[in-house]
Amino acid sequence: MKSVLILNGPNLNLLGTRQPEIYGTTTLKDVEDLCHAHGSALGFEITCAQSNHEGVLIDQIHEAKARHSAIILNAGAYTHTSIALADAIASVELPVVEVHLSNIHAREEFRHKSFVAAVAVGQICGFGAKGYVMALDALADRLLKI
């Protein structure tokens, strides 16, 4: 069975209460439940993790190489600042789909640049929690050839 790591970065633990006008009222647990259900229906084993600490996220990415077939990453604000995350993704050579709840290209200019995008197989943004489902579907096409 193929395994996918769903990795969420800083402040995503506050989903549902943090700026609901931008991020909605869906909680991180709701997102994780959605990923488990949809991933299972696709034949994936799903592991979810979240951290507010860049080094912990990097460690999770490194560990994924031996444990997972792919990663779905919402790096939060680290998307726009962390070359270290991009380097970690490049080093593990796993397909990574970058996901954002909001459309980062329609927001403040500093959010338009993603260091993750250059090493990801694709980016999905602006569709809320549905973006994670879309990412799982894209990985199913890539990994399961369905």
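Looking across region 16-25, the residues that are without any contact (Cβ under 8 Å) to a residue 60 or more places away in the chain and of a type outside the set (Asp, Glu) come down to Gly16, Thr17, Arg18, Gln19, Pro20, Thr25. Taking residues in region 26-44 that are without any contact (Cβ under 8 Å) to a residue 60 or more places away in the chain, and partners anywhere that are part of a loop (DSSP other than H, G, I, E, B) and of a type outside the set (S, T, N, Q), the pairs with Cβ atoms closer than 8 Å and at least 6 places apart or on different chains are Thr27/Leu15; Thr27/Gly16; Leu28/Leu15; Leu28/Gly16.
Just a yes or no: is a residue in region 10-18 surrounded by fewer than 19 Cβ atoms within 10 Å (Cβ to Cβ), modelled with pLDDT of 95 or more, among the hydrophobic types (A, V, I, L, M, F, W, C) and not in a strand (DSSP E or B)? Checking region 10-18: not a single residue is surrounded by fewer than 19 Cβ atoms within 10 Å (Cβ to Cβ), modelled with pLDDT of 95 or more, among the hydrophobic types (A, V, I, L, M, F, W, C) and not in a strand (DSSP E or B). Within region 18-53, the set of residues being under 20 Å from Ala75 (Cβ atoms) and polar (S, T, N, Q) comprises Gln19, Thr26, Thr27, Thr47, Gln50, Ser51, Asn52. Taking the listed residues Phe115, Phe44, the one that is surrounded by 13 or more Cβ atoms within 10 Å (Cβ to Cβ), modelled with pLDDT under 95 and not hydroxyl-bearing (Ser, Thr, Tyr) is Phe115, with no other qualifying. One residue stands out in region 80-111 among those that are out of contact with any Gly (no Cβ under 7 Å at 6 or more places or on another chain) and among the β-branched types (Val, Ile, Thr): the one that is farthest from Glu63 (Cα to Cα), namely Ile104.
State whether one or more residues within region 50-57 are touching a Pro at 6+ places or on another chain (Cβ under 7 Å), surrounded by 13 or more Cβ atoms within 10 Å (Cβ to Cβ) and in contact (Cβ under 8 Å) with a residue 24 or more places away in the chain. First the steps, then the outcome.
Taking region 50-57 first, the residues touching a Pro at 6+ places or on another chain (Cβ under 7 Å) are 52.
So of that shortlist, the ones also surrounded by 13 or more Cβ atoms within 10 Å (Cβ to Cβ) come out as 52.
From what is left, the residues that are in contact (Cβ under 8 Å) with a residue 24 or more places away in the chain are 52.
Yes, that holds for at least one residue.
Condition (residue is on the phi < 0 side of the Ramachandran plot, small (Gly, Ala, Ser) and touching a residue at least 40 places away in the same chain (Cβ under 8 Å)) applied to region 91-100: is it met by at least one residue? There is no residue in region 91-100 that is on the phi < 0 side of the Ramachandran plot, small (Gly, Ala, Ser) and touching a residue at least 40 places away in the same chain (Cβ under 8 Å). Could you tell me whether any residue of region 63-78 is more than 22 Å from Gly126 (Cα to Cα), in contact (Cβ under 8 Å) with a residue 12 or more places away in the chain, in contact with a helix residue (DSSP H, G or I) (Cβ under 8 Å, 6 or more places away or on another chain) and among the hydrophobic types (A, V, I, L, M, F, W, C)? Yes - at least one qualifying residue is present in region 63-78. Among the residues of region 91-109, some residue qualifies, meaning at least one is surrounded by 15 or more Cβ atoms within 10 Å (Cβ to Cβ), more than 15 Å from Leu5 (Cβ to Cβ) and not hydrophobic (A, V, I, L, M, F, W, C). Among the residues of region 31-41, the ones that are more than 24 Å from Ile58 (Cα to Cα) and either surrounded by fewer than 16 Cβ atoms within 10 Å (Cβ to Cβ) or among the acidic types (Asp, Glu) (or both) come to 3 in all. As a summary of the residue check, Ser82 satisfies the conditions (1) crowded, with 19+ Cβ neighbours inside 10 Å; (2) more than 18 Å from Leu139 (Cβ to Cβ); (3) of a type outside the set (D, E, K, R); (4) touching a strand residue (DSSP E or B) at 6+ places or on another chain (Cβ under 6 Å) except for the one numbered (4).
The values are calculated or read from the model by the stated rules, or taken from the named source; none is laboratory data. What you are looking at is a predicted structure, and each value in this text was computed from that prediction instead of being measured. Note that we place each Cβ from the backbone using ideal geometry, even for glycine, and neighbour counts take in every protein chain shown.
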